[in-house]
1. Within the accessible area of the range 41-80, what % is carbon and sulfur when the probe is 1.4 Å and the other protein chains stay in place?
2. Between M69 and T43, what length in nm is gained on full extension when 0.36 nm per residue of separation is reduced by their alpha carbon distance?
3. Determine the sum of side-chain charges near R55: Lys and Arg each +1, Asp and Glu each -1, restricted to other residues whose C-beta is under 12 angstrom from that of R55.
4. Between Y62 and K18, what length comes free when the chain is fully extended (0.36 nm per residue of separation minus the Cα-Cα distance, one decimal in nm)?
5. How large is the Kirkwood hydrodynamic radius of the range 34-79, counting all unique pairs of alpha carbons, in Å?
Amino acid sequence: MAMNDNKSILRVLREKFKYTQEEVSKYLGISQPAYLKYETGETEVSMEGLEKLARLYGIDEYDILEGNMEQVNFAYAAQVGECLNRNYLLIQK
């Protein structure tokens with residue numbers, strides 16, 4: 001499965017959500033060097049890996065494949081907003 005500029009989208013997602021390569025590789029059940037090959041485009045992500053990455057980042061698999069940066073930014077903003085909302089609710093108690 002070919003990704004549209006997968007090395008940049010996978011790296012951008014990981015960095016935006018503040019994960020290390022080690023953390024993402026453990027989540028996927030692969031080695032860090034194997035994950036690095038996903039980011040550099042040396043190896044294509046399996047369908048199972050793509051599904052896991054989509055769940056991790058709260059984004060659709062199709063958006064990862066297409067390199068849809070608008071959805072990446074939206075997913076990140078949603079996560080940040082959820083955290084801010086939780087913190088606000090905790091402060092209000």
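1. On the range 41-80, the fraction of accessible area on carbon and sulfur atoms equals 49 percent.
2. 7.2 nm
3. Counting the neighbours of R55, the net charge comes to -3.
4. 13.7 nm
5. 11.0
The values are calculated or read from the model by the stated rules, or taken from the named source; none is laboratory data. If you're wondering where the values come from, they're calculated on a predicted model, not measured in any experiment. Positions of Cβ are generated from backbone atoms using ideal geometry, with glycine treated the same way; all protein chains shown enter the neighbour counts. Heavy atoms of the whole protein, side chains included, go into the accessibility calculation; ligands, DNA and RNA do not. Shrake-Rupley method; radii C 1.70, N 1.55, O 1.52, S 1.80 Å.
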